[in-house]
1. For region 48-71, how many residues meet the condition of being in a helix (DSSP H, G or I) and crowded, with 23+ Cβ neighbours inside 10 Å?
2. Out of (1) of a type outside the set (Phe, Trp, Tyr); (2) in a helix (DSSP H, G or I); (3) modelled with pLDDT of 90 or more; (4) surrounded by fewer than 15 Cβ atoms within 10 Å (Cβ to Cβ), the odd one out for Arg242 is which?
3. In region 22-47, which residues are of a type in the set (Ser, Thr, Tyr) and surrounded by fewer than 19 Cβ atoms within 10 Å (Cβ to Cβ)?
4. Quick check on region 166-186: of everything there that is outside any strand (DSSP E or B) and either in contact with a Cys (Cβ under 8 Å, 6 or more places away or on another chain) or among the charged types (D, E, K, R) (or both), which residue is surrounded by the most Cβ atoms within 10 Å (Cβ to Cβ)?
5. Anything in region 73-101 that is part of a helix (DSSP H, G or I), touching a residue at least 24 places away in the same chain (Cβ under 8 Å) and exposed (fewer than 15 other Cβ atoms within 10 Å of the Cβ)? List them, or say none.
6. Give Pro188, Pro182 a once-over and let me know the one that is under 24 Å from Ala18 (Cβ atoms) and at pLDDT 95 or above.
7. Residues Arg26, Arg17: which one is in contact with a helix residue (DSSP H, G or I) (Cβ under 6 Å, 6 or more places away or on another chain) and not β-branched (Val, Ile, Thr)?
Amino acid sequence: MSKRVALITGGASGIGRALGEKLAERGVTVVLADRQLELAEEVAASIVARGGSAWAASLDVRDAASFRDLAAEVARREGSIDYFFNNAGIAIAGEMLDYDDRAWDDVLDVNLRGVGYGISAVYPIMVAQASGHIINTASMAGWLPMPRGASYAASKHAVVGITKSLRIEGAAHGVRASVLCPGAIQTPILLGGTFGGQVGRRVPDSVMKKLWKRARPMDVNAFAVEVLKDVDANEPYIIVPRWWKAIWLFERVAPRMSLRLWARVYAKQRAELEAAAADPHPAHTTDAPVHAE
C-alpha cells in the first residue's frame, strides 16, 4: 500500500484529534493543524510514541495565505495530500436578540471563510494529483434549525452547500468531497472551548450537561471509526451517530412539521434556561464558554 497523508484542521482536540489517531492506526501520516500548537504537538507526539506517523503545524484557518503555505509544505514534505479534513470550527451561543458583531464575525470567519480558504489551498493540489478526498465538517445544524446558535447554523448550512457543489465539480478531476454532519459527540466542546463563547445571559454548565444528555452524545473515538467507514465508501453525507439520519430524513420530507417539532423542543429548553437563570443558588459551573459542534 502506498503512503497516504491526511491534513486535519482543528486537529489538537475533539473530533479532529480522534480522526487523526484513528487514521494513524491505519498507517496514514497525519498533519494536525491548529491554533493550539502546543496541544497539537502533544497529540502528534503521542501518535508517534504508539508507532504512528504524525506532525503538528500552527494554523489559524482565517489566514488564507498561511493556509496556502501549509498545504504547499505538506505536499512538498510528504509528496501528496490524500485526505483533507476541513474540520476547525467554533460557535457562539445565544439568542439573536443579544448578538453583537462578534457573534457573527468570529463564527463566519472560522466556519465559513476558513472552510473556503482550506478548499482554495488544498483543492488545486488534489486536482494536480488527480486524486484526494476533502471532508468538510458541517453539523446536523447544517440541516436543522438551531435556536441560540443562528450564526453557527448559518455557517454549517453554507458548508453543506459548498460541499455538495464541490463534490460535483471535483468529480471531473478525480477529487472526492463529503460533508461530515455530526450529531451530539462526547467531547469537551459540548461545554466549552478556547475560541467560542456566549452572548446574553450565560447558561450554567450544569444546565448544559442536562440538555446535552438528552441528545445521547456519542463517544468521540467510536464516532471517528464510523466516520472513516463512510469516508472509505465515499458517502456524500456522513451523518453520525447513525440514528440522526432519521431526523435528517424527517427534515427533508416534512420540513414544516420539522419546524413545529423543533419549536416545541426549544420552548421546553427555553423554559428550563429561564428557570436556571432565576435560581439564586445555581450549581457550580466553570468559566468555559459554551458551544457545540
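1. Result for region 48-71: 2.
2. So Arg242 meets the others, but not (2).
3. The one that is of a type in the set (Ser, Thr, Tyr) and surrounded by fewer than 19 Cβ atoms within 10 Å (Cβ to Cβ): Ser46.
4. It comes out as Arg167.
5. If the condition is that a residue be part of a helix (DSSP H, G or I), touching a residue at least 24 places away in the same chain (Cβ under 8 Å) and exposed (fewer than 15 other Cβ atoms within 10 Å of the Cβ), then Met96, Leu97, Asp98 are the ones that fit.
6. Pro182
7. Within the list Arg26, Arg17, the selection yields Arg17.
The values are calculated or read from the model by the stated rules, or taken from the named source; none is laboratory data. Bear in mind the structure is a predicted one, so any value in this text is a computation, not a measurement. Reconstructed Cβ throughout: ideal geometry from the backbone, glycine too, with neighbour counts over all protein chains shown.
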